1. Which residues, taken from the stretch 128-161, are open to solvent by 50 Å² or more (accessible area, probe 1.4 Å) and among the polar types (S, T, N, Q)?
2. For Arg169, only one of the following conditions fails: (1) open to solvent by 30 Å² or more (accessible area, probe 1.4 Å); (2) in contact with a Phe, Trp or Tyr (Cβ under 7 Å, 6 or more places away or on another chain); (3) farther than 20 Å from Tyr93 by Cβ. What is its number?
3. With the structure loaded, tell me whether Leu111 is touching a Cys at 6+ places or on another chain (Cβ under 7 Å) and touching a residue at least 12 places away in the same chain (Cβ under 8 Å) or whether it fails that test.
4. Just give me the residues in the stretch 74-89 being out of contact with any Cys (no Cβ under 9 Å at 6 or more places or on another chain), open to solvent by 10 Å² or more (accessible area, probe 1.4 Å) and under 14 Å from Gly25 (Cβ atoms), in sequence order.
5. So which residues in the stretch 197-212 are out of contact with any Ser or Thr (no Cβ under 8 Å at 6 or more places or on another chain) and modelled with pLDDT under 95, if there are any at all?
6. Starting from the stretch 2-29, take each residue that is without any contact (Cβ under 8 Å) to a residue 40 or more places away in the chain and list its partners that are open to solvent by less than 30 Å² (accessible area, probe 1.4 Å) and of a type in the set (Ser, Thr, Tyr), counting only C-beta distances under 6 angstrom and pairs at least six apart or across chains.
7. Kindly list, by first and then second residue, each pair from a residue in the stretch 121-145 that is under 13 Å from Cys189 (Cβ atoms) and free of Cβ contacts under 8 Å to residues at least 60 places away in the same chain to a residue that is in a loop (DSSP other than H, G, I, E, B) and open to solvent by 50 Å² or more (accessible area, probe 1.4 Å), limited to pairs with Cβ atoms under 7 Å and residues at least 6 apart or on different chains.
8. When you scan the stretch 172-193, how many residues do you find that are open to solvent by 70 Å² or more (accessible area, probe 1.4 Å) and either polar (S, T, N, Q) or modelled with pLDDT of 95 or more (or both)?
Amino acid sequence: MSFGKIIGERAAETPGKPLDVLVAGCGRGEPLELGGVDCRVTGVDEDRPILRAHTVERPDLHVYALGDLRSVPMTPRGFDIVCVEFLLERVQYAELILDRMVNALRPGGLLLIRIRDRESAYGFVDRLLPGWLRSRFGEPLPAVYEPVCSREGLRAYCLMRGLMIAEDRGDTTGPARLGPHGKLVETVCRAVAALSRGKLDPAYDEVTLIVRRPRNHFARIL
């Protein structure tokens with residue numbers, strides 16, 4: 001599911017009105033493929049050398065801010081779309097940071113979330129491995145995985161905040177699975193899933209949600 005495509009579809013609903021887009025976790029991942037969509041893209045992420053180096057090279061960002069995500073500038077109700085891609089599982093205070101991003105959305109805005117699921121077999125292994133070994137498998141950033149960083153965790157979060165989930169899908173994109181040691185990683189994931197007696201899912205590692213902030217002013221306000 002391409003976030004750029006979703007942004008393009010949203011822009012088509014309001015022709016002539018530029019979209020304000022926030023990319024949270026801009027220090028990794030591919031630039032948004034916007035295809036000429038009229039929008040202003042702001043990036044935010046932690047201030048780490050590896051993340052800064054990637055951020056400054058991104059061609060899709062008009063402006064960015066790096067720092068503590070609990071205080072880095074995010075204009076309240078300032079964005080039509082907020083993209084959160086592979087960020088929540090690598091930060092502490094994930095739910096607090098997510099609250100700030102929801103607060104940055106305008107009523108009726110879209111929150112696009114992509115995470116590694118802590119309750120998948122891959123996510124379980126990822127958060128147990130030491131940092132040096134994770135780096136060898138293509139995961140150089142911390143593996144925090146707080147409870148909200150799962151499919152069920154995000155569903156519960158949305159329910160408590162009065163947010164509407166429009167789409168929810170799983171996929172398999174973990175770097176270790178797609179790299180040269182993919183078969184070994186797949187075997188380990190299936191063994192871990194079997195030992196968990198079905199509690200950990202071996203079939204996917206990524207969860208993507210399209211979430212809408214209600215326009216209704218009676219909805220819970222953060």
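The values are calculated or read from the model by the stated rules, or taken from the named source; none is laboratory data. What you are looking at is a predicted structure, and each value in this text was computed from that prediction instead of being measured. Quick reminder, even Gly has a Cβ in these numbers, built from the backbone with ideal geometry, and neighbours come from all protein chains shown. These accessible areas exclude ligands, DNA and RNA; they are computed on the full protein's heavy atoms, side chains included. Shrake-Rupley method; radii C 1.70, N 1.55, O 1.52, S 1.80 Å.
1. Answer for the stretch 128-161, where residues must be open to solvent by 50 Å² or more (accessible area, probe 1.4 Å) and among the polar types (S, T, N, Q): just Ser135.
2. So Arg169 meets the others, but not (2).
3. Numbers: touching a Cys at 6+ places or on another chain (Cβ under 7 Å): no; touching a residue at least 12 places away in the same chain (Cβ under 8 Å): yes.
So Leu111 fails the test.
4. Correct list: Met74, Phe86.
5. So in the stretch 197-212, the residues out of contact with any Ser or Thr (no Cβ under 8 Å at 6 or more places or on another chain) come out as 197-199, 208-212.
Once the filter is applied, which keeps residues that are out of contact with any Ser or Thr (no Cβ under 8 Å at 6 or more places or on another chain) and modelled with pLDDT under 95, the stretch 197-212 yields Arg197, Gly198, Lys199.
6. If the second residue must be open to solvent by less than 30 Å² (accessible area, probe 1.4 Å) and of a type in the set (Ser, Thr, Tyr), the pairs left are Cys26/Thr55; Gly27/Thr55.
7. Phe137/His181
8. First, the residues of the stretch 172-193 that are open to solvent by 70 Å² or more (accessible area, probe 1.4 Å): 178, 180-181, 183-184, 187, 190.
With the extra rule that they be either polar (S, T, N, Q) or modelled with pLDDT of 95 or more (or both), the set shrinks to 187.
Result for the stretch 172-193: 1.
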